[in-house]
Amino acid sequence: MRRREFLRRAAYAGTGLAIAPSILAACGGDAGGASGDLQIGTPESPVTLRTVGEPIADGLAPESGTLELLNWADYVNPETLAAFESAFGVKVNVTIYDSEEAALVKLRNGTFAPDLVMGMTDTALARLVAAELLQPLNRSYVPNFANVIAGLRDPYYDRGAQYTVPYVIYGNGIAYRTDVIDRSRFTDGDGLGAMWDAAYRGRLAVIDSYRDTIGMALMRDGGEDVNTGDEDLLRAAGESLLALREATNPKVDIISYQELPGGNRDIAYVWGGDALAMPMYLPEGVDPGVIGFWWPETTATANDFFCIPRASTKPVLAHAFIDFLSDRDRALANATYVGYQPALEGITVDEYVAATGIPDSLTDALVTPERYASGLRFHSLDPAVDAVWNDVWAGFTAG
Amino acid sequence: MSRRRAGGTWGALAAPGMAWLGAMFLVPLYAVACVAFGRIDPIFRDALPEWDPRAWRFDEAGAVLSSLADGPLRAVAVRTVAYVAIAMVLALALGFPIAYYLARHAGRWRLPLLALIVVPYWVNYLMRMMAWYNLLSPSGLGARALRLVGIERNWMDGSSVAVVLGLVYGYVPFIILPLYATLERLDWRLVEAARDLGAGPRQAFRLVTLPLARAGTAAACVLIALPMFGDYYTNDLLSRSPRTEMLGNQIDFYLNASTQPQRGAVLVLLLSVLLLVGLSSYLRSTDRTARERER
């Protein structure tokens, strides 16, 4: 083969390299349509989800082998996993996801069949149930369910907690470097406006989650409906985000819990639990008080939950894991790594601070039952409304 | 064995591989088209590929074209072309002198130097980019060292500079190696002849070396430009800002994190067509040159 022919063929191969990842991404297979209608619960209109299949029978022994866990990154303490492995003589393998959409795709197309899912919220639950991806729980395996915050034992998104057990609670707000930004910046009546302040250009981040970040823009504009289907309001929020983009050139990701304590950012809109985790990522010797947190009087509050996929091959062990992490002491030990506040009754602010060592500047990020109850909630959206939200988000991220 | 018979044998041996390669190109491409022109699940809003071309719908393709013409995607497309063009020129400016030195003057150091160029690239691309991020982020060792010598800059502020330099760093060896292969086999007697006939070093380089290396240089540029057009992880790791989004990022977003996967598939098709058009014009030009030389 002559050199020119070789180069030409190499160029052909290059074409394949350039488009192969995209092609592979698009070949994910036909996941099939949903099996039922969406049942969307709201605080005003709680929903009892239809039951698909039967819970596992009482009194079964936990399975042996490896428990496959689907979870967000850094969202369970490795020491907690080790303790569970030791207690049950099993292995736990964690696979991570970085958005609920990505987790839904994994669960639907069957490329991965976890035994237990952690960290989902009610924005995904209606779809999980409609696709018959979950199994009803047998709470006889979860006696520690009694520890769950009273207001979440019968949640609006899953009356009777048929499919879910709450894991953590949190509220959205702004984490900031107290050595760069004074708290008074947030107390002038337009605290959220700090996210639009060009003074923080290049050192500011928002959450890579269309619900949370568009929700932030809606709240800044005075809106209290973070599930709105009003296209005018959503377009206005989109314009507001474009203004934020022009002023601050924000990072859009979910790693502010590492980057802000690392000194690479000064301000970030975050899930409150991420702020609580930040002191653990500070360089050695740095005062934890360098991290501050502020949230508006009315903000979004939420809880994540555990749920067990219908295809789980170790449902008894999965129930045992939920129960293990619903124990108060183990939940507090887990929080020392995760930061997020367990959704359990009776863990006082003092207890939480003593267990995790968070500084005074972060105690605001702790969610009291009253704060949780009065917060705004994101819930599943009607598909047509969801499309508008996505359209607004695409306009923002396209830069 | 006669030449014709040998050709037949090799053709038969090559046929399964060719068929496999063809299928691995055409089947996924068809699948992408089925996603691009298919439907979405009314509840999950994820892709439901339409395998029957008679039922294909082109509304999302229209929306993408409209956005490329006069919407958010136009800025992304222009930015992608600009980033790739600048990164390619910079990689060429860095890579050509290195390849020239290796081919012409490195002598017994040639192999060790080639190895030194290649060895860092045994480390995974993502790891190398993450290393740069950690070094050059405001609290990183590299940024702190630069501050000591008076260079104060937030390299990771989501600017174009970081992404373009990342692209250059990531792809520069892939331009050096083909350039080296071209220059190493160049008939240097022609350069010497030019010098004997009175050409100065610069004149000989401009009038003899560069034209002789043109095909190889073009191929090297094509080799790095193609993956750069689809690159999304360089921006993801070094910037994470919407202001530096490339087409690859939009494809990733639409396919993996949005409820409009058809738009991602349409972008894949458009990018493929664009690259194929560019590539075929290069191939036509090299074919023409080859035929002229044979005459």
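Values quoted throughout were computed directly from the atomic coordinates according to the rules given, and no laboratory measurement underlies them. Fair warning: this is a prediction, and the values are worked out from it, not measured in the lab. When we count neighbours, we look across all protein chains shown, and the Cβ atoms used for this are built from the backbone with ideal geometry, even at glycine.
Classified by the C-alpha gyration tensor, the range A:187-346 has an oblate form. Its axis ratio a/c, with a ≥ b ≥ c, is 1.5 or above, and a/b does not exceed b/c. Compute the Cα gyration tensor for chain A, then decide on rounded, prolate or oblate, letting a ≥ b ≥ c be the square roots of its eigenvalues: rounded whenever a/c is under 1.5, prolate when a/b is larger than b/c in the other cases, and oblate in all that remain. Taking the square roots of the gyration eigenvalues as a ≥ b ≥ c, chain A is rounded. Modelled this way, with points 7 Å down the Cα-to-C-beta line, the labels at A:Asp221 and A:Ala198 are 2.2 nm from one another. Of A:Thr187, A:Thr51, the sequence from fewest to most neighbouring Cβ atoms within 10 angstrom is A:Thr187, A:Thr51.
Cross-link partners for A:Lys314 among the lysines, with Cα-Cα distance under 25 Å and sequence neighbours closer than 8 places in the same chain left out: A:Lys91, A:Lys106. Remark: C-alpha extents of the range A:281-399 on the principal axes read 46, 42, 32 Å, sorted largest to smallest. Here is the tail figure for the range A:338-399: Cα pairs spaced more than 19 Å apart come to 54 percent of all pairs. Its alpha carbons give the range A:298-367 an Rg and a Dmax of 14.4, 44 Å.
Semi-axis lengths, largest first, of the ellipsoid equivalent to the range A:140-181 are 33, 12, 8 Å, with √(5λ) applied to each eigenvalue of the Cα gyration tensor. In chain B, helical runs assigned H by DSSP with n ≥ 4 each contribute -39500 (n - 2.57); averaged across all residues and rounded to the nearest 500, the mean residue ellipticity at 222 nm is -24000 deg cm²/dmol.
Here is how the number arises for chain A: DSSP H runs of 4 or more residues each give -39500 (n - 2.57), the sum is divided by the residue count, and the result at 222 nm is -11000 deg cm²/dmol. For a label point 7 angstrom out from the Cα of A:Asn93 toward its Cβ, which stretches of the range A:298-321 have the backbone nitrogen within less than 17 Å? Residues passing the 17 Å test: A:309, A:311-315, A:317-318. Please go through the range A:56-153 and write out the chymotrypsin sites (Phe, Trp or Tyr not before Pro) that DSSP classes as loop and that have at most 16 other C-beta atoms within 10 Å. Here the sparse-neighbourhood loop sites are A:Phe112. Using the Cβ-Cβ distance between A:Ala150 and B:Ile86 with R0 set to 45 Å, the FRET efficiency works out to roughly 0.15. Within the listed set B:Pro211, B:Pro42, B:Pro97, the Gaussian network model of chain B (springs between alpha-carbon atoms below 10 Å) gives the highest mean-square fluctuation for B:Pro42. Working from label points 7 Å from Cα in the Cα-to-Cβ sense, the A:Ala247 to A:Thr42 distance is 3.0 nm. Note on B:Trp20 and B:Ala145: the extension gain reaches 39.8 nm, defined as 0.36 nm multiplied by sequence separation minus the Cα-Cα distance. Under the combined filter of DSSP loop state and at most 10 neighbouring Cβ atoms within 10 Å, the range A:238-338 retains these GluC sites (Glu not before Pro): A:Glu284, A:Glu297.
In angstrom, the C-alpha Rg and Dmax of the range A:49-170 are 14.6, 37. Considering only alpha-carbon pairs that sit under 8 angstrom and 6 or more positions apart, the relative contact order computed for the range B:19-127 is 12 percent. In the calculated pair-distance distribution of the range B:186-295, the portion above 17 angstrom amounts to 68 percent of the Cα-Cα pairs. Compare the Cα positions of A:Gln341, B:Ala103, B:Leu255 along the charge dipole of the protein assembly as shown (+1 at Cβ of Lys, Arg; -1 at Cβ of Asp, Glu; about the Cα centre) and return the one farthest towards the positive end. Farthest towards the positive end: B:Ala103. According to the Cα-based calculation, Rg over Rh for the range B:18-64 is 1.08, with Rh computed by the Kirkwood formula.
Its Cα gyration tensor gives the protein assembly as shown an equivalent ellipsoid, and the semi-axes of that ellipsoid, as √(5λ) in whole Å with the largest first, are 51, 31, 25. Averaging the Cα positions of each part gives two centres, and for the range A:230-280 and the range A:120-191 these lie 20 Å apart. Under the convention that each Lys and Arg Cβ holds +1 and each Asp and Glu Cβ holds -1, the size of the dipole of the protein assembly as shown around its Cα centre is about 5320 debye.
Where in chain A lies the longest segment free of trypsin sites (Lys or Arg not before Pro) that are both loop residues by DSSP (not H, G, I, E, B) and have at most 13 other Cβ atoms within 10 Å? Value returned for the longest uninterrupted segment is A:51-399. Here r is the Cβ-Cβ distance between A:Asp188 and A:Arg159 and R0 is 30 Å; the resulting FRET efficiency, rounded to 0.05, is 0.10. Think of each Lys and Arg Cβ as +1 and each Asp and Glu Cβ as -1; about the Cα centre, that makes the dipole of the range A:135-272 roughly 560 debye. Shape analysis of chain B places it in the oblate category; the axes a ≥ b ≥ c from the Cα gyration tensor give an a/c of at least 1.5, with a/b not above b/c. Projected label points at B:Thr289 and B:Asn124, each 7 Å from Cα along the beta carbon direction, are separated by 3.8 nanometres.
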